[in-house]
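First up is the structure itself, then whatever we jot down about it.
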Amino acid sequence: QGSGWTTLMRNTLKTASQRDLFCDVSLEAGLHTRTLSASKGGKKNTAVAEAIIKVRVLVDGKIAYPGAVTFASRRQELSTTFEGMIADCLKIDEETGAIIIDESCVEPESVELILDTMSAASFNFLYPDCKSGEHTVEVQCQIDSVSSADGGAANALATVGKGSFTVQEMRLIQGEDVLSVE
């Protein structure tokens with residue numbers, strides 16, 4: 001499941017002449033993933049949780065370069081292969097003395113993994129050849145999460161915390177070949 005693009009910050013600015021807009025976006029990005037895998041009878045079970053935070057900048061409704069950027073991403077997968085807890089499921093056959101496992105009382109064994117992080121991320125966006133006049137600059141975020149589990153449980157959440165963005169007018173080098181000196 002995922003969310004559509006949500007505007008986090010918006011502002012307007014006026015440019016006196018045609019310039020390139022250089023936008024720096026900084027945000028706190030939090031990810032929470034939980035996977036619980038339970039199995040018995042030697043059957044492998046897997047739980048997967050994935051959370052992604054993407055950010056983009058729009059100038060007058062048009063996407064700035066490089067487009068959507070991943071600010072945070074985590075894919076967590078947990079697999080288990082267990083026989084099952086059998087402590088109270090053992091019976092002794094009176095005639096043979098053999099130990100018999102009562103399959104109906106065997107409980108699944110389980111392992112759970114939870115990860116929760118918060119970090120700060122920053123990225124630079126560029127909107128070239130912005131004409132003079134008034135412009136609206138927006139910072140947008142999209143959160144996607146996917147989870148699946150067979151024989152267990154999984155969930156994934158992503159959050160965006162405090163943030164800021166700056167916009168600078170500048171003239172970038174155009175049409176020039178840049179040579180690297182080694």
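The values are calculated or read from the model by the stated rules, or taken from the named source; none is laboratory data. Treat the numbers as computed from the prediction; the structure is a model and nothing was measured. Don't worry about glycine lacking a Cβ; one is built from the backbone with ideal geometry, like all the others, and counts go over all protein chains shown. Areas reflect the complete protein model, heavy atoms only, side chains present, ligands, DNA and RNA absent. Shrake-Rupley method; radii C 1.70, N 1.55, O 1.52, S 1.80 Å.
Brief remarks follow.
- Amide hydrogen proximity for residue 152: with H placed 1.01 Å from N in the peptide plane, the residues at 5 or more positions away or on another chain lying under 5 Å are 38.
- Computed packing ranks the peptides 43-55, 124-136 as 43-55, 124-136, most packed first, by mean other Cβ atoms within 10 Å.
- Residue (of 104, 114, 90) at the positive-pole extreme of segment 25-133, dipole from beta-carbon charges: 114
- Charge dipole (Cα centre; +1 on Lys/Arg Cβ, -1 on Asp/Glu Cβ; no other charges) of segment 6-116 amounts to roughly 1440 debye.
- Kirkwood hydrodynamic radius (C-alpha pairs) into Stokes-Einstein, segment 20-63, 20 °C and 1.002 mPa s, D in µm²/s: 143
- Percent accessible area from carbon and sulfur atoms, the chain, protein chains only, probe 1.4 Å: 50
- One decimal place: the segment residue 83-residue 95 gains 1.7 nm when fully extended, by the rule 0.36 nm per residue minus the C-alpha distance.
- Between segment 105-174 and segment 8-47, the Cα center-to-center distance that results, in Å: 1
- With contacts taken as Cα pairs under 8 Å at a separation of at least 6 residues, segment 1-66 carries a relative contact order of 20 percent.
- Enclosed volume per residue, in Å³, of the convex hull spanned by Cα atoms of the chain: 166
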